[in-house]
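The values are calculated or read from the model by the stated rules, or taken from the named source; none is laboratory data. Fair warning: this is a prediction, and the values are worked out from it, not measured in the lab. Note that we place each Cβ from the backbone using ideal geometry, even for glycine, and neighbour counts take in every protein chain shown. For the accessible areas, the whole protein counts, side chains as well, though only heavy atoms, and no ligand, DNA or RNA atoms are used. Shrake-Rupley method; radii C 1.70, N 1.55, O 1.52, S 1.80 Å.
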Amino acid sequence: MGRRMKSLPAAALEFFSQRKELGENDFFLSPAFSRSSFLSTFQPPSPDKPVGKRLIPSQTARPPQKIAAPAALATAQPVSEKREALKQLFFGFRECRRCALGATRIKLVFGSGNAQAQIMIIGEAPGADEDQQGLPFVGKAGQLLTAMLASINLDRGTDVFITNVVKCRPPQNRNPETSEIVACSECLTKQIEIIRPKIIVLLGRIAAGTILNSTESISKLRTREHEYKGIPVMVTYHPAALLRNPDYKKPTWEDLQKFRIIFDELKE
Ligand code: URA
């Protein structure tokens, strides 16, 4: 009896799970994300509509997430020196036990996106969904981040590389401790060195405090441009903060607009 052909979604799932086993989960666009599926969840505020309501993705409006079709598999990043260097770095940290989080995590969340991206986005630490999947920003805050990027015409699979200050989930999503941030700093520093982005965006207090070595509030830091080892840095609110506090939506939208202008200038 001939073997039954796998359905396309099943074949795609098997493809991704095999890549994950090979440690190559990190630079692939999660099949759950596409520009079109999130554009409909995040609309930039307009003067005639209240800013707040439109930034939060509506649970009802979001279309069901689709498994990637074969065409999406072909969009995997080409092998590049940066990608190879990131892969080696990932292999060096995959079994990391530099701090106690190594014992409680399910998966180390190294990062995702394009190794050759000109934009690097740094968040705080993985949550439960990220810990399960081994990919950053895939839970509710991540879906909002994807929509925020799409609203300024950026695709999280091709235009950015996304990672966190801390690569393993702190229990109960508590803030990472200083010792955990220090233990992860070698990995983050090397990621920045390899990617050498044109601009870095820091999401929230932990990322801003770590990279800028500052205890100032986001409301103050976001009003200035910063630099890390010669790379321009911008600061804005963490998407999880937007989900908790709608007052942050308007300033975050302003930050996104400013960021897009600065990035376009840097590209020229
Ligand atoms: N919050 C973060 O800071 N990072 C993630 O990956 C998910 C949620």
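Can you flag which of K167/K198; K107/K198; K82/K220 are past 26 Å Cα-Cα? Among K167/K198; K107/K198; K82/K220, the Cα-Cα distance tops 26 Å for K107/K198; K82/K220. Take the range 80-267, compute every pairwise Cα distance, and split them into 10 Å bins from 0; I just need the percent in each bin. The distribution over the range 80-267 is 9, 40, 39, 11, 0, given as percents.
Distance between the 7 Å Cα→Cβ label points at E225 and Q172: 4.3 nm.
Report for the range 80-267 the percent antiparallel among DSSP-assigned beta bridges with both residues inside it, nearest 5.
Working: 5 of 18 bridges.
Bridges in the range 80-267 are about 30 percent antiparallel.
Surface analysis of the range 80-267 yields an accessible area of 42 Å² per residue, using protein heavy atoms and a 1.4 Å probe.
With N set to the number of residues, divide the alpha-carbon radius of gyration of the range 90-133 by 2.2 N^0.38 Å and report two decimals. Let's see the in-between values first.
Working: Rg = 11.8 Å, N = 44, 2.2 N^0.38 = 9.3 Å.
Ratio of Cα Rg to 2.2 N^0.38 Å: 1.27.
Once the Cβ-Cβ distance between E193 and A100 is put in as r, and R0 is 22 Å, what FRET efficiency do you end up with, to the nearest 0.05? Show your work: numbers first, answer last.
Numbers: r = 26 Å, r/R0 = 1.20.
After rounding, the FRET efficiency stands at 0.25.
FRET efficiency for the pair E216 and A128, taken as 1/(1 + (r/R0)^6) with r the Cβ-Cβ distance and R0 = 45 Å, rounds to 0.90.
Tell me, what % of the accessible area of the range 132-268 is carbon and sulfur with a 1.4 angstrom probe? List each step's numbers first, then the result.
Numbers: 2870 of 5990 Å².
Solvent-exposed carbon and sulfur of the range 132-268 make up 48 percent of the total.
The distance from the alpha carbon centre of the range 182-196 to that of the range 151-181 is 13 Å, rounded to a whole number.
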